[in-house]
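Each remark here refers to the structure printed beneath this line.
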Amino acid sequence: MRSPQTLSEADRRRVAAWAADCAERVLGLFEAAAPADERPRAAIARARAFARGELDTADEIRRRFVGGVPAGEVTAPAAAAAARAAGQAVAVAHMGAHALGAAAYAANAVGLAAPDRPDAVDEEVRWQLTHMTAEVRAALRSLPPVGESRSGPLGPGLLSSGRIGMIVRDLQAGLTRSDPRTAEPGP
C-alpha cells in the first residue's frame with residue numbers, strides 16, 4: 001500500500017521544481033561554508049532534472065544516498081540547514097512530502113543566518129507560498145498534516161518536531177489560504 005505522503009509521479013515532478021527553488025535560495029549559505037563541495041548544488045540539479053522528466057523515479061530512489069548532502073560536515077548551523085534543504089529536494093523523487101522538508105529547512109537556514117531578523121523565517125515561508133503554481137499548491141494540500149501519517153517524512157521525526165515541525169505546520173496552514181500573498185505564517 002502506498003503512503004499518502006508519496007504523491008503521484010506527476011505531482012512529485014511538479015513539487016520537485018518548487019522544492020529545488022526553495023533549496024536553491026539558501027545554497028549560498030552552504031557554499032560560503034564549504035566552497036569546494038558541490039554535492040548540494042548537484043542534488044538541486046538532480047531535483048530539477050527529475051522535475052523536467054529527465055530522470056527516472058526508480059533510478060533516483062536508488063541514487064538517493066549516493067553523493068549524499070553533507071549537512072554533518074559543516075559547522076555553521078545555517079549551512080547545515082541549507083544542505084538538508086538540498087537533500088530534501090532531491091528526495092522528492094522518492095516521496096512528495098520531502099518538498100515540505102526542503103522548504104522548511106530552507107526557511108530555517110534563512111532564520112539561522114539572520115538571528116537579528118525575527119521575521120526572517122516568516123518572510124521566507126511567505127516567499128515560498130507565493131512562488132508555487134496552483135498545481136503545486138493542490139499537490140501539497142493533498143498531503144496529510146504533519147505528524148498524522150507515520151508512513152513517511154511527515155510522520156513522527158525530524159519534519160514534525162522542533163523548529164522544522166513548526167515551519168512545516170506554517171507551510172501547511174498557508175496552503176489552505178486562498179491568497180498566499182496575505183498568508184501570515186506563525187502563530
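The values are calculated or read from the model by the stated rules, or taken from the named source; none is laboratory data. The model shown is predicted, which means the values in this text are computed figures rather than measured ones. Virtual Cβ from ideal backbone geometry, glycine too; neighbours counted across all protein chains shown. Side chains included, ligands, DNA and RNA excluded: accessible areas come from the protein's heavy atoms. Shrake-Rupley method; radii C 1.70, N 1.55, O 1.52, S 1.80 Å.
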Open item on the list: For segment 95-183, what does the accessible surface come to per residue with a 1.4 Å probe? Please give it in Å².
Closed with: 44
- [ ] Using label points projected 7 Å from each Cα along Cα→Cβ, tell me how many nm separate T130 and T176, to one decimal.
- [x] 2.3
Task: Extended-chain gain in nm, criterion 0.36 nm per residue less alpha-carbon gap, A138 and E123 - done: 3.2 nm
Open item on the list: Just to be sure I understand, if you calculate percent of Cα pairs over 19 Å apart for this structure, which of (1) 64; (2) 53; (3) 56 do you get?
Closed with: (2)
- [ ] Determine the shape class of segment 92-174: with a ≥ b ≥ c the square roots of the Cα gyration tensor eigenvalues, call it rounded for a/c under 1.5, and otherwise prolate if a/b is greater than b/c, oblate otherwise.
- [x] oblate
- [ ] Please calculate the 1.4 Å probe accessible area of W127, with all protein chains present, and give it to the nearest 10 Å².
- [x] 60
Open item on the list: Of the candidates A83, A99, A32, which one comes out as most mobile in a Gaussian network treatment of the chain with C-alpha springs shorter than 10 Å?
Closed with: A32
Task: the chain - percent of accessible surface contributed by carbon and sulfur, probe 1.4 Å - done: 53
Task: the chain: calculated mean residue ellipticity at 222 nm from DSSP helix runs of at least 4, using -39500 (n - 2.57) - done: -17500 deg cm²/dmol
Open item on the list: Please check: in the Gaussian network model of the chain (C-alpha springs, under 10 Å), which one of A120, A19, A82 has the largest mean-square fluctuation.
Closed with: A120
TODO: Please give the per residue accessible area of segment 10-56, computed with a probe of 1.4 Å over protein heavy atoms only, in Å².
DONE: 45
Open item on the list: List the GluC sites (Glu not before Pro) within segment 95-166 that DSSP assigns to loop and that have no more than 15 neighbouring Cβ atoms inside 10 Å.
Closed with: E148
Open item on the list: So if each residue of separation counts as 0.36 nm, and I subtract the Cα-Cα distance between S151 and R41, what length gain in nm does that give?
Closed with: 36.8 nm
Task: In Hz, Karplus ³J(HN,Hα) per residue of segment 102-119 (6.51, -1.76, 1.60; θ = phi - 60°; x = Gly, Pro) - done: 4, 5, 5, 5, 5, 4, 4, 4, 4, x, 5, 6, 10, x, 7, 10, x, 8
